[in-house]
Amino acid sequence: MPAGDAAGDPDPPGTRGSVGRRAFVVGAGAAALLMGTAAPAAGAERVDLAGAAAAGALPDFHPLLKEELRFPLAWGTSPIRDFRTWRRVARATVEEHLFVGPDDTAYEPEFGGHRGEGDGYTQETVTFSLTRYGRVRGTLLTPHGTGPFPAVLLLHDHGAKFDIGKEKLVRPWFDESRLASAQAWADRYFSGRFVGDELARRGYVVLAVDALGWGDRGPTTYEEQQALASNLYNLGSSLAGLMAREDVRAAGFLAGLDRVDCRRVAALGFSMGAFRAWQTAALSDDIAAAASVCWMTGLKEVMVPGNNILRGQSSYYMLHPGLARHLDFPDVASIGAPKPMLFLHGGQDPLFTEEGVRVAHEKLRAVWRSRHAGERLDLRIRPDLGHVFTAPQQDEVVDWFDSVL
């Protein structure tokens, strides 16, 4: 289970390296602030001090904080009754909390750094300016034949495994040194398949890019994530906000390729990648549909003792400070309505409580139905599965893409 998607596992052995070292990372780890109570002196008046709960350092008063979260900007709760106006206001509110501004830097792509041939598709690397902060190398798969083709932006998971990012989803034909690690990941979570290669074989252009800290842009370590996040905050930026902006930029790049039908571009991700998929659908008009596998919940329901998200670290990739004062996770995803959206979950997934998934699904369903588009929202739970994206599920997603794009 890639528990790092919610809060992180210790990084696997051998993931640390010197290639493409991160910006802003200085040192490893972060100090833990311990809060507690002291016994009163004899005869002194007893004073109750609000300490930190043992499980995940939740403060004792966390139930009061939860009660204060009313998500007043959620559709149906907000006083705004026109959906287009609500969507514009809600999106602007999310963007304000990214702490990373819009970016119109020219992409200036360089194609064909490494090329290869798959089963019915061409493989190549492409380097382009993802943001004004730097250029990245992505993998691009293009089906044989005459385009323009439908396309999928593939968004990788977290998993506390940083030596590979895009290679978790696209076979690294150009780098044998990453193949064993990538295949082991595919074997563990994807039934041995590379999801991107399967999509390309089925007729989709596929783009995958490393998020900051993975693959070419890392590898970071589990302990360094919190330092990276705090350093970005100190610089007036945000780790989660940067990733959100980068994903929107990647969607725009993919939609703008001549080989792509810009009206038929989808986002797909597993675990943290699923969070990224619905978030990108909410923030980008270039995304026409999204499929999210194993990441959707109500915030209050996931902030419970014992949940991995309480451990910090990896959570910073999905944390927009202050946004919960306005919107819950499914409220943000609902900004994408009435686009076709598919949510797959495993009933045995230990990262997300059944109650949290149910609360999120109810919110999502209400929004799509309010748009008379209930048939465009597909909510599926496999009671026998955990935190995985199996071959049958992959086939379900591709079939679903075929039907909605």
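The values are calculated or read from the model by the stated rules, or taken from the named source; none is laboratory data. What you are looking at is a predicted structure, and each value in this text was computed from that prediction instead of being measured. Because the Cβ atoms are built from the backbone with ideal geometry, glycine has one as well, and the counts that use them run over all protein chains shown. Surface accessibility is based on the protein's heavy atoms, side chains included, excluding ligands, DNA and RNA. Shrake-Rupley method; radii C 1.70, N 1.55, O 1.52, S 1.80 Å.
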Mind ranking Tyr233, Tyr133 by accessible surface for me, highest first, 1.4 Å probe? Tyr133, Tyr233
Would you pull out the residues with amide H under 5 Å of Ile381's amide H, same chain only if 5 or more places away, H placed 1.01 Å from N? His345
Over the chain, what is the relative contact order in whole percent, taking alpha-carbon pairs under 8 Å and six or more residues apart? 21 percent
Tally the DSSP beta bridges in the chain and give the antiparallel ones as a percent, rounded to 5. 45 percent
Can you work out D for the chain in µm² s⁻¹ from Stokes-Einstein, where Rh is the Kirkwood radius over C-alpha pairs, the temperature is 25 °C and the viscosity is 0.890 mPa s? 113 µm²/s
Which of Leu257, Leu351, Leu73 moves most in a GNM of the chain, Cα contacts under 10 Å? Leu257
From the backbone phi of segment 398-404, what are the Karplus-calculated ³J(HN,Hα) couplings (6.51 cos²θ - 1.76 cosθ + 1.60, θ = phi - 60°) in whole Hz, Gly and Pro given as x? 5, 4, 5, 4, 4, 7, 10
Sequence of Asp163, Asp60 from largest to smallest accessible area, 1.4 Å probe: Asp60, Asp163
Can you give the translational diffusion coefficient of segment 224-343 in µm²/s, computed by Stokes-Einstein from the Kirkwood radius over Cα pairs at 10 °C and 1.306 mPa s? 105 µm²/s
Please check: in the Gaussian network model of the chain (C-alpha springs, under 10 Å), which one of Glu124, Glu95, Glu68 has the largest mean-square fluctuation. Glu68
A student applying the Cα gyration tensor rule (rounded when a/c is under 1.5; otherwise prolate if a/b is larger than b/c, oblate if not) would label segment 61-109 oblate
Note: segment 257-405 at 20 °C, 1.002 mPa s; Kirkwood Rh on alpha carbon pairs; Stokes-Einstein D in µm²/s works out to 137 µm²/s
Output ³J(HN,Hα) for segment 293-309: one whole-Hz value per residue in order, computed from phi by the Karplus curve 6.51 cos²θ - 1.76 cosθ + 1.60 with θ = phi - 60°, and x for Gly and Pro. 10, 6, 6, 6, 6, x, 5, 4, 6, 8, 8, 10, x, x, 6, 4, 5
Run the numbers on segment 258-372 and let me know its relative contact order in percent, using alpha-carbon pairs under 8 Å that are six or more apart. 30 percent
Overall form of segment 362-405 per C-alpha gyration tensor (a/c, 1.5; a/b vs b/c): oblate
Using a 1.4 Å probe, how large is the accessible area of Leu58, given in Å² and rounded to the nearest 10? 10 Å²
From the Cα gyration tensor of segment 181-274, with a ≥ b ≥ c the square roots of its eigenvalues, which class applies: rounded if a/c is under 1.5, or else prolate if a/b is larger than b/c, or else oblate? oblate
Bin width 10 Å, origin at 0, all Cα-Cα pairs of segment 51-162: what percent of pairs per bin? 10, 20, 25, 23, 16, 6, 0
In nm, the gap between the two label points placed 7 Å beyond Cα toward Cβ at Asp402 and Arg70 is 4.9 nm
Any idea how far the Cα center of segment 221-300 sits from the one of segment 69-111, in Å? 13 Å
Once phi for every residue in segment 262-279 is put through the Karplus expression 6.51 cos²θ - 1.76 cosθ + 1.60 (θ = phi - 60°), the whole-Hz ³J(HN,Hα) values, with Gly and Pro written as x, are 5, 8, 10, 10, 10, 10, 9, x, 10, 6, 3, x, 5, 3, 5, 5, 5, 5
Report the label-to-label distance for Gln183 and Thr85 in nanometres (one decimal), using points 7 Å from each Cα along the Cα→Cβ vector. 5.9 nm
Would you mind getting the accessible area per residue of segment 245-294, heavy atoms of the protein chains only, 1.4 Å probe, in Å²? 22 Å²
Selected from Thr142, Thr353, Thr85 as most flexible by GNM, with the chain as the system and alpha-carbon contacts under 10 Å: Thr85
Extension reserve of the Ile381-Asp175 stretch, reckoned as 0.36 nm per residue once the Cα distance is removed: 70.6 nm
To the nearest 0.05, how large is the calculated FRET efficiency for Arg358 and Arg115 if R₀ is 45 Å and r is the Cβ-Cβ distance? 0.45
